[in-house]
Amino acid sequence: MYDRGKIIIGLIIGLGLFLFPFYYNKGEAKKAPEAVLTDKAKAAKQCIEPKEFMRTDHMKMLDVWREDVVREANRYYKSGDNKSYFMSLQVTCMECHSNKSKFCDQCHNYLGVAPYCWDCHIEPKENK
């Protein structure tokens, strides 16, 4: 009963700590990075699937590729525009998107994800 002042001070400090991240960011989200395309990717003007799909669902597609290649021995993927592609991260994807630090890592670091691609695949060498 006599600790009302301490409780109110504690609630104010707790509320301040809780609201600080919102105040600090002022409700603004950091702008997503733009991936840097290689000259080969720019020349192709088109990826396997549309850009919006690749930005949001490329990992799901790579998971399906892995299952199809390993379990079904299916090596070719038919895209939405009926083109056939060899299902391989290193051969197909990295042919155009060879700069890992400027293409893959920018978005993955922004989102705070650590994909396990390079646990099995050979990491591309950066051109300096």
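The values are calculated or read from the model by the stated rules, or taken from the named source; none is laboratory data. Given the structure is predicted, the values throughout are model-derived calculations rather than measurements. All Cβ positions, glycine included, derive from the backbone under ideal geometry; neighbour counts span all protein chains shown.
Considered as a group, the residues in segment 20-55 that are polar (S, T, N, Q) and either within 22 Å of residue 95 (Cβ to Cβ) or assigned to a loop (DSSP other than H, G, I, E, B) (or both) include one that is modelled with the lowest pLDDT, and that residue is 38. Residues that are loosely packed, with under 13 Cβ neighbours inside 10 Å, in a helix (DSSP H, G or I) and among the acidic types (Asp, Glu) within segment 70-123 comprise 72, 119, listed in sequence order. If only residues of segment 98-128 that are under 24 Å from residue 44 (Cα atoms) and among the polar types (S, T, N, Q) are counted, the one that is modelled with the highest pLDDT is 106. Exactly one residue out of 6, 40, 31 is in contact (Cβ under 8 Å) with a residue 40 or more places away in the chain and exposed (fewer than 13 other Cβ atoms within 10 Å of the Cβ): that is 40.
For segment 56-80, the candidate set comprises residues that are within 17 Å of the chain's Cα centre (by Cα) and acidic (Asp, Glu); within that set, the residue that is farthest from residue 117 (Cα to Cα) is 57.
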